[in-house]
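Undergrad: I am attaching a structure below and will ask some questions about it afterwards.
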Amino acid sequence: KQWYQRRVAITAGRSGQIFHHDVRVSEHHVATLVGHDLEVCGLAYSKDGKYLASGANDNKVMVWADRETTPLHTLIEHSAAVKALAWCPTSKNLLASGGGTQDR
């Protein structure tokens, strides 16, 4: 099953880590994704649930494959924190990302 089918909640914060929680069990922490250096600002699942995109104050976008704890792709082209992420609803491999006011 994909992340979104397994009733996994995802949280992230200032540490740069992303945490998976299975809300159905008492020992709910099931995985930690490590890659960002600063606070994670945005998370977005792909439509099919196979990928999770994350954006952070380290100006990076990371794409994570299902059940992996290290990023599949790391994009470093932003010049400011990445605040917005959205997967294209008609093209499964297209991700839009937006940074803060200093992004060029």
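The values are calculated or read from the model by the stated rules, or taken from the named source; none is laboratory data. No experiment lies behind these values; they were computed from the predicted model shown. When we count neighbours, we look across all protein chains shown, and the Cβ atoms used for this are built from the backbone with ideal geometry, even at glycine. When the accessible area is computed, the model is the full protein with side chains, heavy atoms only, and any ligands, DNA or RNA have been set aside. Shrake-Rupley method; radii C 1.70, N 1.55, O 1.52, S 1.80 Å.
Undergrad: How large is the charge dipole for the chain, taken about the Cα centre, if only the Cβ atoms of Lys, Arg (+1) and Asp, Glu (-1) carry charge, to the nearest 20 debye?
TA: Computed about the Cα centre, the dipole is about 360 debye.
Undergrad: Return the sequence-ordered ³J(HN,Hα) values of the range 54-64 in whole Hz as given by the Karplus equation 6.51 cos²θ - 1.76 cosθ + 1.60 applied to θ = phi - 60°, using x for Gly and Pro.
TA: Using θ = phi - 60°, the values come out as 10, x, 8, 5, 7, 6, 10, 10, 10, 10, 10 Hz.
Undergrad: Would you work out if the chain is rounded, prolate or oblate? Take a ≥ b ≥ c from the square roots of the eigenvalues of the alpha-carbon gyration tensor; rounded if a/c is under 1.5, else prolate when a/b is larger than b/c, oblate otherwise.
TA: Oblate, because a/c is 1.5 or more while a/b does not exceed b/c.
Undergrad: How many percent of the alpha carbon pairs in the range 14-57 exceed a separation of 17 Å?
TA: Beyond 17 Å sits 42 percent of the P(r) for the range 14-57.
Undergrad: What accessible area per residue comes out for the chain, rounded to a whole number of Å², with a 1.4 Å probe?
TA: Spelled out: the 1.4 Å probe surface of the chain, per residue, equals 60 Å².
Undergrad: Now for a separate question. Going by amide H atoms built from the backbone, whose H comes under 5 Å of the H on residue 42, apart from near neighbours?
TA: Under 5 Å from the amide H of residue 42 lie the amide H atoms of 55, each far enough along the sequence or on another chain.
Undergrad: Rank by packing, highest mean first: peptides 38-46, 55-63, with packing defined as the count of other Cβ atoms within 10 Å averaged across residues.
TA: Highest to lowest by the protection proxy: 55-63, 38-46.
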